[in-house]
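Structure first, commentary second.
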Amino acid sequence: MGQSLVKNYVHIIFSTKHRTPSIDSSIENTLHDYIGGICKKMDCQPIRVGGYVDHIHILCRLSKKISLVSLVKELKSNSSKWIKTQGNQYKSFYWQDGYGAFSVSPNQTTKITDYIVNQHEHHRKKTFKEEYRVILDAYNVDYDDKYVWD
């Protein structure tokens, strides 16, 4: 086969360190745009970026040119540096060490996009921990709860 044809959608999730509610309304939309810009720069077309006060959801097409771990490293590193420039209240901002990343079928991208758009409404009923456990269970991910959180 002469061509490398790739179309991998990935749903990436990570939280603030210790799930601290650090993403307030004054930076939320700009942060989402900034993260989308990092995705674009890395040739990972962002479909939707969203989240809540203590975590981020990213749905993007993973480039065939980079690894998932490289993308997440750039997303977390650059966005953390950016947030710290947004005011004194963000000087001690950090993302958690780990992340979750889950493949998404092309026919499920609308469902995941809607899910990301509705994060504020969704989190009136569920905490991030509850939400993340549901996602891990839906993907049949084996995990030890005491090591998932930092």
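Overview of values
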{"item": "Euclidean distance between Cα centres, segment 98-116 to segment 41-68, Å", "result": "10"}
{"item": "Global geometry of segment 14-56, whether rounded, prolate or oblate, following the gyration tensor of its Cα atoms and the 1.5 cut on a/c", "result": "prolate"}
{"item": "Amide H contacts under 5 Å for TRP95, placed H, 5+ residues apart", "result": "LYS17"}
{"item": "SER92-GLU130 pseudo-label distance in nm [points 7 Å out on the Cα-to-Cβ vector]", "result": "2.8"}
{"item": "Within-10-Å neighbourhood charge of HIS18 [Cβ basis; K, R +1; D, E -1]", "result": "0"}
{"item": "Percent accessible area from carbon and sulfur atoms, segment 34-150, protein chains only, probe 1.4 Å", "result": "48"}
{"item": "Environment charge at LYS7 (Cβ cut-off 11 Å; Lys +1, Arg +1, Asp -1, Glu -1)", "result": "+2"}
{"item": "In order through segment 37-54: 3J(HN,Hα) via Karplus (6.51 cos²θ - 1.76 cosθ + 1.60), integer Hz, x for Gly, Pro", "result": "x, 5, 4, 4, 4, 9, 6, 10, 3, x, 9, 7, 10, x, x, 9, 5, 10"}
{"item": "Under 19 Å from the LEU68 label point (7 Å along Cα→beta-carbon), backbone N, segment 77-109", "result": "77, 96-109"}
{"item": "Reach of LYS129 by Cα under 26 Å, taken over lysines that are not fewer than 8 positions away in the same chain", "result": "LYS17, LYS73, LYS76, LYS81, LYS84, LYS91, LYS111, LYS146"}
{"item": "Solvent-accessible surface (1.4 angstrom probe) belonging to VAL117, in square angstrom, nearest 10", "result": "80"}
{"item": "Accessible solvent surface per residue of the chain, calculated while the other protein chains remain in place, 1.4 angstrom probe, Å²", "result": "58"}
{"item": "Sequence of TYR143, TYR94 from largest to smallest accessible area, 1.4 Å probe", "result": "TYR94, TYR143"}
{"item": "Cα→Cβ-extended label distance, 7 Å offset, between GLN108 and LYS7, nm", "result": "1.7"}
{"item": "Solvent-accessible ranking of TRP95, TRP149, largest area first, probe 1.4 Å", "result": "TRP149, TRP95"}
{"item": "Qualifying aspartates and glutamates (Cα of each under 20 Å from Cα of LYS40; at least 8 residues distant if same chain)", "result": "GLU28, GLU74"}
{"item": "Cβ-based charge dipole, the chain, positive-most Cα from HIS122, GLY50, GLN86", "result": "GLN86"}
{"item": "DSSP-assigned coil residues among trypsin sites (Lys or Arg not before Pro) in segment 66-121, each with at most 10 further Cβ atoms within 10 Å", "result": "LYS91"}
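The values are calculated or read from the model by the stated rules, or taken from the named source; none is laboratory data. In this text, all values refer to a predicted model and were calculated from it rather than measured experimentally. So basically every Cβ, Gly included, is an ideal-geometry build from the backbone, and we count neighbours across all protein chains shown. Accessible surface areas use protein heavy atoms only, side chains included; no ligands, DNA or RNA. Shrake-Rupley method; radii C 1.70, N 1.55, O 1.52, S 1.80 Å.
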